[in-house]
Amino acid sequence: MSDIAEPGGAAMREPSSPPAKPLRTRILQRFPWLRGYLLMSPTIAVMLAMLIVPVVALFVRSFWTQNVFEIDTTFTLRNYAYIFELSDRITYWFGIPFPLANPVYVILLVKSIAMSLAVTVVVILLAYPMAYFMAFRVKRHKMLWLILITIPIWTSYLLRVFAWKIMLGFNGVINSGLMNLGIIDKPLEFLLYNPIAVIITLAHAWVAFAILPIYVSLEKIDRSLLEAATDLGDKPWERFWHVTLPLSAPGTIATILLVFIPTVGDYVTPALVGGSGGSMIGNSIQLLFGRQNDAPLGSAVSVVMMATITAIVCLFLWLVDYRKIRARGMN
Amino acid sequence: MSTGESIISLRSVAKHFGSVRAVDDVSFDIRRGEFFSLLGPSGCGKTTLLRMLAGFEVPTSGAILIDGQDVSTVPPHARPTNMVFQNYAIFPHLSVRENIAYGLRKKGLSKQELAQTVEDALALIKMTGYGDRASHQLSGGQRQRVALARALVCKPKVLLLDEPLGALDKKLREEMQLELRQIQRTVGVTFVFVTHDQEEALALSDRIAVMSRGKALQIDAANRLYEAPNCKEVAAFIGSMNFFQGSLRETSGGTALVDAGPLGQLSASAAENAPGPGSQVSIAVRPEKLRLAWDKPAAGQNAIAGRIATEAYFGDRSHYHVAVEGLAEPIAVAMQKSDRLLDDASSIGRPVWISWAPEAAVLLTE
Amino acid sequence: MSKRFDLLTIYGIVFLVFLYAPVLLLPVFSVNDATVAIFPLKGFTLKAYGQMVNNPALLAALKNSLVVAVGVSVVSTAFGLLAAMGVTRYKLPGQGPVMSVIMLPLVVPSIILAVALLVLVRQVFDIPLTLWTVAAGHILICVPFSMMVLMSRLEGFDRSLEEASADLGESGWMTFWRVTFPIAMPGIVASLLMCFTISLDEYVLAFFLSGLDQTLPIFLYGQLRFPQRLPMTLALGTTILIVSTIIVIFSEILRRRGVQSTKPTGL
């Protein structure tokens, strides 16, 4: 005997009204992702309260002014005008003319960006071969290598800077070591308290951090693509240039941003190993909020710095056509 | 346990995801104690239907009754059903024993009873002694058995199985089919089994619902689905089938006469609810019900002349494609070794006659 | 596999030396019997460690740091877990922008975070700076880390495990306790440890947001200015280094092992 299904057949159908459900359930059933946001809401709230609100407050503050002990809350562009005020008196920095009345912040910003760029380049040059080594050469004990790379990321930044101070100091390890070996007979003074010391220290501090994203993007590359490239006649070097490098671009670009953005605002490293010549924009922000007690101007400097960083990052992503690279990485 | 009485009733059940009608107004009953399969290609709504039975999806409209109770909106943990998941969903942090005992926490068993229940279940799936294994030490087949035992110890009224054999290799799958059927007979629980593999469904099931595009096309025993499909889609989905289109001339005594254009007049057995004369119909014949001959067969049979286009040799049988003038698709013919046409010289290109008895063909409305 | 000592392998080893050498100077000089960190090394001594454990200001800073770090790790992991669950189990419209905002503290220079929070705390709400404000700052930078760790743990999480639990008769909460939580456990512990180390080591936010109560990094930073206290500073640095290394190794092993075991091997 066969019971043939009768779609919509009258025999099977009974007048059934949909069971009444509370509105909340109905909405959640209709839009299941609302549950996701419900779960995330405490975290989002915390981030709003502690990230977005403070940054907005900082932004607002940059339009106020400091009168010795109290803050004048009338809206004004005076802080920005102060930073960018033109003047006939031209200050030169590395031959670059700055026709500003108070050139210190702009010069420090330019200098910080230049130093950060240098750090980023050094970091990528050091980290990429290491990531490549770990992705393609290390076969056994991969976890050991990963952990060896990871430890420095999580161990005190301050201590690593401190270590470099000991290394590079006038009475430091390098000088005493070289003198001890008889290579030099008096300490090298140029080691510490200059931009180079800051760049070395920052590069060392960030390089471990940079390996992981590059490593992940190299590790993700389908090995058969590399075999295909060889099969199609690429020499190892060509294969690297045509296949490996483009496919690891998303990780490399992420790394560039991950290193560049935070180092522009770094202030611990310049404060410890930079001396007066190696100070960066972060140091002047710290001074403005601290000893100089001019929070509004400090806020304005912060805003200018963030805006500059954002502009540079956008320009960079546009130049490398990041959308296309990312879309390619998805496949 | 008596069979025949219904344990699950689906009443105009529909499930829409946005504008997609995953399940579209389905109504049928599943009998107590039967091995029932939902068969169809992927995306036909069979899994959605199963998940509605389990309670993971709530029907957009209609009602699901299990043992006479409307469970449409009852959450999964409060339903008398248990499920064997497609990937088995063995808890990775628990041992085999703990996995099987998972659902027994609330049953109020003593420690001893609980241990005994788990041991019995391990014996049922022939995995005595494996209780302390970690889940990642199990093979695919073993995971499948543990998933089965874990669901069965909860004593469900209905056991739901979502393509449980799909992840196994062919040989293991055939073994597990036998075992599954045996376990079902032993425990007597109603099984609702989702699969896209028609052979699996035909081999295991008491009854099968063939689904397509959210609808249940036909619900029948395996042999009825094969011999008497109720529509072209079922006929084409189960096994292979030749179709000849035409218009119905007349029906008399269970036999229909059809004008099939260039093929002339063909006859087929017709059901009582056959359409009226003049309707567009198809005659469906299985390849193995066709006969090939060099000479024109005697009258009283349907006969078509054609040329052999391809021949495929399978040892116990051979498959032929016969090209017929006026037909876009060649006709598929399967012949057993005993009545194969030729054993050596190639027959490709030779003219041939195809014939079949009227009762071997089925009349289907377009 | 043939063992090849090619250029790349040599580079790998040299790189590790470069990565570790400066930091390893701290323990070396901390047991050197001299007041300046110069070669050649003199005799071995643990004097500096003795000074360290007898310094009340240091011990007070240590206690403050521990209290803050424990609180921060628990709170951040809770927030991180909620957010990671929300992201990994639902397809969220607008997930990209929301995630970017949550991950922002990972890239924004910490001095910006610090001064922005300082403005909010002091000038908008006029709350006194205490260890509470330090903890708040640390939560801000720990939540994204915690979320990343937990997301990678939960990403491979098979939804059908929770469905199986519901199917076997457990309600939502019991399913969380019996299935979700234990499976996420290695990730949760890794996140707790990681947030603990981050908070323990963090200097910039702590410096801006702390009042009279110092944390350990602030204390350490203060010591760096006094050359005569170098040995004790080295000893303190070494201790911090060892403790955080142990924690990191432990949490990394846990995290990576955890990720591997989610994949069923039988299939």
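The values are calculated or read from the model by the stated rules, or taken from the named source; none is laboratory data. Treat the numbers as computed from the prediction; the structure is a model and nothing was measured. Positions of Cβ are generated from backbone atoms using ideal geometry, with glycine treated the same way; all protein chains shown enter the neighbour counts.
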Q) For the range A:19-103, which helices (runs of 4 or more DSSP H) that fit wholly inside it have 2 or more residues that are within 14 Å of chain C (Cβ to nearest Cβ) and among the hydroxyl-bearing types (Ser, Thr, Tyr)? A) A:33-47
Q. Looking only at strands (runs of 3 or more DSSP E) that fall completely inside the range B:31-108, which ones have 3 or more residues that are at pLDDT 90 or above, crowded, with 20+ Cβ neighbours inside 10 Å and within 11 Å of chain C (Cβ to nearest Cβ)?
A. B:81-84
Q) Would you call residue A:329 more than 13 Å from chain C (Cβ to nearest Cβ), modelled with pLDDT under 90 and on the phi > 0 side of the Ramachandran plot? A) no
Q) Before we move on, is residue A:230 more than 30 Å from residue C:222 (Cα to Cα), loosely packed, with under 15 Cβ neighbours inside 10 Å and of a type in the set (Val, Ile, Thr)? A) yes
Q | Wholly within the range B:266-317, strands (runs of 3 or more DSSP E) carrying at least 1 residues that are out of contact with any helix residue (DSSP H, G or I) (no Cβ under 9 Å at 6 or more places or on another chain) and of a type in the set (Val, Ile, Thr) | A | B:280-285, B:302-313
**Q.** The one condition in (1) buried (at least 24 other Cβ atoms within 10 Å of the Cβ); (2) not in a strand (DSSP E or B) that residue B:26 fails to fulfil
**A.** (2)
Q: Would you mention how many residues in the range A:270-321 are touching a residue at least 60 places away in the same chain (Cβ under 8 Å) and surrounded by fewer than 15 Cβ atoms within 10 Å (Cβ to Cβ)?
A: 5
Q.
Restricting to the range B:117-173, give me the number of residues that are closer than 18 Å to residue B:188 by Cβ and not in a loop (DSSP other than H, G, I, E, B).
A. 13
Q) Only one of C:183, C:218, C:247 is within 9 Å of chain A (Cβ to nearest Cβ), at pLDDT 85 or above and assigned to a helix (DSSP H, G or I); which? A) C:247
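Conditions tested, residue by residue: (1) free of Cβ contacts under 8 Å to residues at least 40 places away in the same chain; (2) touching a helix residue (DSSP H, G or I) at 6+ places or on another chain (Cβ under 6 Å); (3) not charged (D, E, K, R).
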position: A:153; (1), (2), (3): no, yes, yes
position: A:160; (1), (2), (3): no, yes, no
position: A:171; (1), (2), (3): yes, no, yes
position: A:175; (1), (2), (3): yes, no, yes
position: A:197; (1), (2), (3): no, yes, yes
position: A:204; (1), (2), (3): no, no, yes
Q: Select, from A:167, A:143, the only residue that is assigned to a helix (DSSP H, G or I) and more than 16 Å from residue C:12 (Cα to Cα).
A: A:167
**Q.** Residues within the range B:195-223 that are within 22 Å of residue B:184 (Cα to Cα) and either out of contact with any helix residue (DSSP H, G or I) (no Cβ under 7 Å at 6 or more places or on another chain) or not in a strand (DSSP E or B) (or both), tallied
**A.** 18
Q | Selection from the range C:198-214 of residues that are without any contact (Cβ under 8 Å) to a residue 60 or more places away in the chain and either within 26 Å of residue C:151 (Cα to Cα) or not in a loop (DSSP other than H, G, I, E, B) (or both) | A | C:201
Q. Can you tell me which residue in the range B:109-150 is surrounded by the most Cβ atoms within 10 Å (Cβ to Cβ), limited to those that are among the hydroxyl-bearing types (Ser, Thr, Tyr) and at the interface with chain C (Cβ under 10 Å from one of its Cβ atoms)?
A. B:135
Q) Name the pairs: first residue in the range C:216-238 and under 11 Å from residue C:58 (Cβ atoms), second residue among the hydroxyl-bearing types (Ser, Thr, Tyr) and in a helix (DSSP H, G or I), Cβ to Cβ under 6 Å, at least 6 apart or on different chains? A) C:216/C:65; C:223/C:233; C:235/C:30; C:235/C:49
Q | Search result, residues across the range C:200-219 that are farther than 18 Å from residue A:266 by Cα and either aliphatic (A, V, I, L, M) or crowded, with 24+ Cβ neighbours inside 10 Å (or both) | A | C:200, C:212, C:215, C:216
(Q) I'd like to know if the range B:3-14 contains one or more residues that are part of a loop (DSSP other than H, G, I, E, B), among the small types (Gly, Ala, Ser) and over 23 Å from residue B:219 (Cα atoms). (A) no
Q) Regarding residue C:34, is this residue in a loop (DSSP other than H, G, I, E, B), at negative phi and among the small types (Gly, Ala, Ser)? A) yes
Q. List pairs: first in the range C:154-178 and β-branched (Val, Ile, Thr), second in a helix (DSSP H, G or I), Cβ under 6 Å, 6+ apart or cross-chain?
A. C:175/C:162; C:175/C:165; C:175/C:166
Q: Tally the residues that are at the interface with chain A (Cβ under 10 Å from one of its Cβ atoms), among the aliphatic types (A, V, I, L, M) and more than 12 Å from residue C:247 (Cβ to Cβ), restricting the search to the range C:195-205.
A: 1
Q: Say whether the condition of being facing chain C (nearest Cβ under 10 Å) and free of Cβ contacts under 8 Å to residues at least 40 places away in the same chain is met by at least one residue in the range A:113-135.
A: yes
Q: Specify the residue that is farthest from residue C:212 (Cα to Cα); the eligible residues are those in the range C:37-78 that are without any contact (Cβ under 8 Å) to a residue 24 or more places away in the chain and in a helix (DSSP H, G or I).
A: C:78
Q) Of all residues in the range B:133-147 being more than 25 Å from the chain's Cα centre (by Cα) and of a type in the set (A, V, I, L, M), which is nearest to residue B:176 (Cα to Cα)? A) B:138
(Q) Taking the condition of being at the interface with another protein chain (Cβ under 9 Å from one of its Cβ atoms) and touching a helix residue (DSSP H, G or I) at 6+ places or on another chain (Cβ under 6 Å), how many residues in the range C:225-235 meet it? (A) 2
Q: Name every residue in the range C:128-174 that is among the hydroxyl-bearing types (Ser, Thr, Tyr) and either buried (at least 20 other Cβ atoms within 10 Å of the Cβ) or within 14 Å of chain B (Cβ to nearest Cβ) (or both), in order of residue number.
A: C:133, C:146, C:160, C:165, C:171
Q.
Can you confirm whether residue A:274 is closer than 30 Å to residue A:192 by Cα and more than 14 Å from chain C (Cβ to nearest Cβ)?
A. no
